[in-house]
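First the structure, in the form of structure tokens, and then the observations on it.
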6 protein chains.
Amino acid sequence: MPHVQITWVTGRTPEQKRKLAERVTQALIEDGRAKRENIQVTFIDVPPTDYAEAGLLVADQKRAP
Amino acid sequence: MPHVQITWVTGRTPEQKRKLAERVTQALIEDGRAKRENIQVTFIDVPPTDYAEAGLLVADQKRAP
Amino acid sequence: MPHVQITWVTGRTPEQKRKLAERVTQALIEDGRAKRENIQVTFIDVPPTDYAEAGLLVADQKRAP
Amino acid sequence: MPHVQITWVTGRTPEQKRKLAERVTQALIEDGRAKRENIQVTFIDVPPTDYAEAGLLVADQKRAP
Amino acid sequence: MPHVQITWVTGRTPEQKRKLAERVTQALIEDGRAKRENIQVTFIDVPPTDYAEAGLLVADQKRAP
Amino acid sequence: MPHVQITWVTGRTPEQKRKLAERVTQALIEDGRAKRENIQVTFIDVPPTDYAEAGLLVADQKRAP
């Protein structure tokens with residue numbers, strides 16, 4: 001505990017995920033009284049057709065996500 | 001806010017997701033007092049081996065999902 | 001299938017949820033090839049201290065959610 | 001009801017998922033007062049770069065997940 | 001890993017959750033090649049107004065959930 | 001995008017959540033190429049009877065979560 005689920009459009013590299021997993025874990029230890037060994041972080045990558053903001057698929061947005 | 005996660009067996013087209021994202025967004029605005037710009041809808045597509053109903057994988061069901 | 005999880009700040013009435021559950025279900029039947037009896041919709045109500053947009057808790061935003 | 005989401009690193013076979021879906025369903029019937037026809041179980045498979053334990057991606061762990 | 005989220009209508013006792021957490025954990029060890037120390041199970045209890053099946057809130061169903 | 005769901009046992013203060021929401025948001029901007037205005041973070045607080053680690057409810061663990 002805690003469990004973190006990060007859902008977003010695919011496109012981040014393993015290196016970016018590596019850094020983020022560590023930063024989120026560190027934040028939960030320092031500001032959330034969590035113990036490192038119990039923290040789990042999951043990334044759910046979905047294609048741009050599978051995430052909508054304001055009713056609009058990311059695939060249909062003019063600017064990159 | 002709100003965030004909507006729709007989990008189902010893969011097979012819907014981008015056009016179906018486009019329509020659904022807009023309809024769900026519109027429903028949340030009209031009946032849920034949500035503001036369009038804050039609404040996010042995510043589709044989580046899983047293969048038919050990864051969704052079970054009543055203990056039975058969709059892949060094992062006789063009828064299509 | 002599908003399963004829908006709607007996460008938002010508490011404050012909607014049962015009547016609003018009743019209408020939304022039906023509208024989301026109807027949309028999934030018409031545009032998502034889902035069968036009514038398999039559709040499940042869950043509302044996850046969280047307090048305004050437990051939802052952040054753009055790094056800011058809803059509890060700290062000037063305007064109501 | 002209930003809905004069960006199992007998130008893990010990819011690598012399990014359909015046969016393993018078939019058994020697990022049935023066992024989890026059976027447990028919910030016997031110990032959770034759930035009715036079989038309403039139980040849904042979803043497996044979310046993610047690559048080893050997308051799941052971190054204790055701040056470390058499974059892809060970076062020495063031992064297999 | 002894995003992380004299990006069980007979402008349902010409130011009403012189960014701690015003793016029922018205790019049994020279920022152990023049974024689900026045991027199933028994941030035996031049939032899912034998971035290690036006990038990495039398995040996390042979360043119960044998300046929602047009121048009967050916050051879970052709909054087939055478009056109908058559990059609160060509005062004639063039979064108990 | 002992205003949406004972050006943090007599930008844990010209740011007990012953190014609004015101030016802790018305020019700090020965490022900002023830190024997680026900042027991490028996603030710097031290391032995840034996300035835009036601040038699209039990032040949403042949700043905390044799902046559950047009682048100690050509703051989170052199990054290694055098959056054991058947090059309520060039954062000797063040490064505090």
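Quickly run through segment A:1-40 and pick out the residues that are farther than 22 Å from F:Ile44 by Cα and without any contact (Cβ under 8 Å) to a residue 40 or more places away in the chain.
Those that are farther than 22 Å from F:Ile44 by Cα and without any contact (Cβ under 8 Å) to a residue 40 or more places away in the chain: A:Thr10, A:Arg12, A:Thr13, A:Pro14, A:Glu15, A:Gln16, A:Lys17, A:Arg18, A:Lys19.
How about segment E:46-57: which of its residues are crowded, with 22+ Cβ neighbours inside 10 Å and under 14 Å from the mean Cα position of the chain (by Cα)?
E:Tyr51
Exactly one of these conditions fails for C:Phe43: (1) in contact (Cβ under 8 Å) with a residue 12 or more places away in the chain; (2) among the hydrophobic types (A, V, I, L, M, F, W, C); (3) open to solvent by 10 Å² or more (accessible area, probe 1.4 Å). Give me its number.
In the conditions (1) in contact (Cβ under 8 Å) with a residue 12 or more places away in the chain; (2) among the hydrophobic types (A, V, I, L, M, F, W, C); (3) open to solvent by 10 Å² or more (accessible area, probe 1.4 Å), C:Phe43 misses (3) alone.
Got a number for residues in segment E:16-45 being under 11 Å from the mean Cα position of the chain (by Cα) and among the β-branched types (Val, Ile, Thr)?
Residues flagged as under 11 Å from the mean Cα position of the chain (by Cα) and among the β-branched types (Val, Ile, Thr) within segment E:16-45 amount to 4.
Give the number of residues within segment D:19-34 that are touching an Asp or Glu at 6+ places or on another chain (Cβ under 7 Å) and open to solvent by 60 Å² or more (accessible area, probe 1.4 Å).
Counting residues in segment D:19-34 that are touching an Asp or Glu at 6+ places or on another chain (Cβ under 7 Å) and open to solvent by 60 Å² or more (accessible area, probe 1.4 Å) gives 2.
Name the residues in segment A:12-64 that are facing chain F (nearest Cβ under 8 Å), more than 30 Å from F:Pro14 (Cα to Cα) and either in a helix (DSSP H, G or I) or in contact with a Pro (Cβ under 7 Å, 6 or more places away or on another chain) (or both), would you?
Passing the criteria: only A:Val58.
How many of the residues in segment A:1-15 are open to solvent by less than 40 Å² (accessible area, probe 1.4 Å) and modelled with pLDDT of 95 or more?
Result for segment A:1-15: 9.
The values are calculated or read from the model by the stated rules, or taken from the named source; none is laboratory data. Just so it is clear, the model here is predicted, and its values are computed rather than measured. Quick reminder, even Gly has a Cβ in these numbers, built from the backbone with ideal geometry, and neighbours come from all protein chains shown. Side chains included, ligands, DNA and RNA excluded: accessible areas come from the protein's heavy atoms. Shrake-Rupley method; radii C 1.70, N 1.55, O 1.52, S 1.80 Å.
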